[in-house]
1. From (1) over 26 Å from P146 (Cα atoms); (2) in a helix (DSSP H, G or I), pick out the condition that doesn't hold for L10.
2. Can you spot a residue in segment 18-27 that is within 29 Å of I135 (Cβ to Cβ), among the basic types (K, R) and part of a helix (DSSP H, G or I)?
3. Give segment 94-136 a look and list any residue that's touching a helix residue (DSSP H, G or I) at 6+ places or on another chain (Cβ under 8 Å), β-branched (V, I, T) and touching a residue at least 24 places away in the same chain (Cβ under 8 Å), or say none.
4. For a quick check of your reading of the model, give me the residue pairs whose first member lies in segment 49-75 and is over 12 Å from L31 (Cβ atoms) and surrounded by fewer than 17 Cβ atoms within 10 Å (Cβ to Cβ), whose second is modelled with pLDDT of 90 or more and among the polar types (S, T, N, Q), with beta-carbon atoms closer than 7 Å and at least 6 apart or on different chains.
5. Could you please let me know if I118 is surrounded by 15 or more Cβ atoms within 10 Å (Cβ to Cβ) and of a type in the set (V, I, T)?
6. Let me spell it out: the conditions are (1) within 23 Å of L38 (Cα to Cα); (2) over 14 Å from the mean Cα position of the chain (by Cα), and C147 meets all of them except one. Which number is the exception?
7. Of the residues G114, G123, G94, which is touching a Lys or Arg at 6+ places or on another chain (Cβ under 7 Å) and over 30 Å from E20 (Cα atoms)?
8. Hey, does segment 76-93 have a residue that's surrounded by fewer than 14 Cβ atoms within 10 Å (Cβ to Cβ) and free of Cβ contacts under 8 Å to residues at least 40 places away in the same chain?
Amino acid sequence: MWLGHILSALLIASFSFTKENLAIALFFNWLPNIDALLVKAGVKPKEFHDGPTHSFLFALVAGLPLIFLSIEKGIISFLSILAHLICDFPTDKGIPLLYPMKRRFSLNLWKETGFLGIKSVYGFYKQKSALLSEILLLAVLILRIPCF
């Protein structure tokens, strides 16, 4: 999901909306894709994307430490990483939710189209199930607007 990552971060931040909480939600929702930067930089092979950073273990290790600063911010950071995992879960490639176990989990609702570049964005949005999922997420967010 492309826009879905932003929409899911906005949805999480909407439950306790401040600029700071929005920034935390957006940052931590994006954080699992740090692996894509390592691939693009040539540090890791292409297969590394959607790897260990797309797991419950990563969500715990990267998301929860903020809980020591603020319970609210820790929960927002953890839930934002989980939201990213949920957004990537429907691809046919799957994600290693239970890393370090090698098994990948997927709903297989749409094809993986890559992780950076216009071709991957176009490929994603021409799939009806992918487009529908993001429209539904947008609708949920719009329904939340009166709440914040």
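The values are calculated or read from the model by the stated rules, or taken from the named source; none is laboratory data. Keep in mind that what you see is a predicted model, and the values were worked out from it rather than measured. Every residue, glycine as well, gets a Cβ built from its backbone with ideal geometry; the counts of neighbours run over all protein chains shown.
1. Of everything listed in (1) over 26 Å from P146 (Cα atoms); (2) in a helix (DSSP H, G or I), L10 misses just condition (1).
2. yes
3. I95, the sole residue that qualifies.
4. If the second residue must be modelled with pLDDT of 90 or more and among the polar types (S, T, N, Q), the pairs left are E72/S16.
5. Answer is no for this residue.
6. Among (1) within 23 Å of L38 (Cα to Cα); (2) over 14 Å from the mean Cα position of the chain (by Cα), C147 violates only (1).
7. Matching residue, one of G114, G123, G94: G94.
8. Yes - at least one qualifying residue is present in segment 76-93.
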